[in-house]
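What follows is a short report on a single structure.
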Amino acid sequence: MSVPVFEEYEPGDCACSGCVRQGRARARGLPLREGSRPAARGAHRALVLITAAGMLGSGCAGVLAPSAAADSATAGPEARASVGARVAADRPGDPEDPETDTPQGGQGPLHGLPAPGQTGGQAVLPKTTRTAIINRAKSWVAAKVPYSMTEYWSDGYRQDCSGYVSMAWGLASNEWTGSLANFGVRIDRKDLQPGDILLFHNLTDPAKGSHVTIFGGWTDYTHTYYVAYEQTKPSTRKRATPMAYWTNSSSYVAYRYKGLVGGTTTGLPAATTTTATVAATATATAAGAFYPGRSAFLPGAVNRYVAQLGRLLVERGAKSFYGQGPDPRWGEADRRATAEFQRAQGWTGAEADGTPGPDTWRRLVNGTGKDIPRAGAVRAARTPPAYPGGGSFGPGRSNPHIETLGRQLAARGFGRHSAAGPRPLWSEAVRRNVEEFQRAQGWRGGAADGIPGPETWRRLFP
């Protein structure tokens, strides 16, 4: 008589990932019984695994190790039929398919290093900065560290979501979603800053859906999407993610590392989460950090980068430039707002022409540099003077438009040839100043003849 299945597998009282692997190894090593067939033995082993997984409890401090067998043991018939396909796909979450399967290991020391006796957050925490946290997070993204709940990277950290956060925070141990909160202080989502985390620990079944991401900054002023650094299949990634995640969004809790230096360890007042927060926190707004090139900001351009530029400029003090708010179509309001932001950085001439270059884009996306001062915002409300026509400029001409032109050239940093200052009389000095401005726009030949046409006038007066 064959021995009952429950007598062939002895799970004990531990449900950690190591015990599960050991149990699976025992199951694979079952002897071929007399009279049994290989096919029957395969089915028999599968039954052993399913039964064993179903018997695992919560006696160990570590996380329950998820598997296809455990899914089959606890799910309904339709779910059991899809387990194999879902596990084989190993798809990372995305808007079309938000399922993210991120099983994880339990608490333990760094792999290959002596245990520091710090598990649980009872010892003095290592000090770190937001910059260090994000840079460490980026290192795994660059290395494309493969996802695994059993493997360890060269730095000793487990290659799953909680091991990734343990690494980024510089912890001296590998933690899991059930213990990471011990190392942080809970904050409101509105106070999130780069280096903070969003944590979901499923108390009823830690192996189902538990996950953690590193907050990298808001993607725009609506605060509906953020840059998430996360360890998920197939490898470490950063991407724009809806607040707080594709699934189980309402269950994610924001935490800030207790050992943080150079930043607060409690929630910031809501009133400070404006431009100052952006300047301090948008270190890696990855979804928009890529500079799309000047061609994205030319007359007639319609694209998402123009809309993003407008939103970022509004955050930095350019709201008065937009009558109905930023949109994807490049317009005069975008150029004028960009020029004002560039002048706020102390730039003049071609560096403040209203077209965002790489440095302008970087400062806007990263929240660095200076905001548009109130004086600039007030100036935006003033209607620029209308172009008086080409007949107002040239040899022998004298009128107030020439003096207005000279003043604006000097304000934009193109008045060096007029030693006596702006005057209502046309002169060679005025022509050379206009020519320099036109060349700063990249124009040559007849387009840079020193006589202001409608486009020269429009660019001079943002």
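The values are calculated or read from the model by the stated rules, or taken from the named source; none is laboratory data. Computed from a predicted structure; not experimentally measured. Here Cβ is always computed from backbone atoms with ideal geometry, including for glycine, and neighbour counts include all displayed protein chains. Accessible surface areas use protein heavy atoms only, side chains included; no ligands, DNA or RNA. Shrake-Rupley method; radii C 1.70, N 1.55, O 1.52, S 1.80 Å.
Whole number in Å², please: accessible area per residue of region 337-462, 1.4 Å probe, ligands, DNA and RNA not counted.
Accessible surface, normalised per residue, equals 47 Å².
If I stretch the segment between SER295 and ASN399 completely, what's the gain in nm (0.36 nm per residue apart, minus their alpha carbon distance), one decimal?
33.7 nm
Set the Förster distance to 25 Å, then compute FRET efficiency between ASN303 and LYS190 from the Cβ-Cβ distance, nearest 0.05.
Taking R0 as 25 Å, the efficiency between ASN303 and LYS190 is 0.25.
Give the lysines whose C-alpha is closer than 22 Å to that of LYS370, dropping any in the same chain fewer than 8 places away, or say none.
Within the straight-line cut-off, LYS370 pairs with LYS319.
Using a 1.4 Å probe and counting only protein heavy atoms, arrange SER139, SER235, SER250 so the residue with the most accessible area comes first.
Putting SER139, SER235, SER250 in descending order of accessible area: SER250, SER139, SER235.
Please state the shape class of region 158-271: rounded when a/c is under 1.5, otherwise prolate if a/b exceeds b/c and oblate if not, all from the C-alpha gyration tensor.
rounded
Could you pull the accessible area for THR404 with a 1.4 Å probe, rounded to 10 Å²?
60
Specify whether the C-alpha gyration tensor of region 121-160 places it in the rounded, prolate or oblate class, a ≥ b ≥ c being the square roots of the eigenvalues: rounded for a/c under 1.5, otherwise prolate if a/b is larger than b/c and oblate if not.
Cα axes put region 121-160 in the oblate bin.
Answer rounded, prolate or oblate for region 415-460, using the Cα gyration tensor with square roots of eigenvalues a ≥ b ≥ c: rounded when a/c is under 1.5, else prolate when a/b is larger than b/c, else oblate.
Prolate.
Say R0 is 25 Å: what FRET efficiency, to the nearest 0.05, do THR129 and HIS223 get from their beta-carbon distance?
0.60
With a 1.4 Å probe and all protein chains kept in place, how do HIS201, HIS111 rank by accessible area, largest first?
Listed by decreasing accessible area, they come as HIS111, HIS201.
What is the distance in Å between the Cα centroid of region 422-452 and that of region 199-263?
Going from one Cα centre to the other spans 54 Å.
Can you tell me the length gained on complete extension of the stretch GLU351 to ALA386, counting 0.36 nm per residue apart and subtracting the Cα distance?
Contour length minus Cα-Cα distance gives 10.2 nm.
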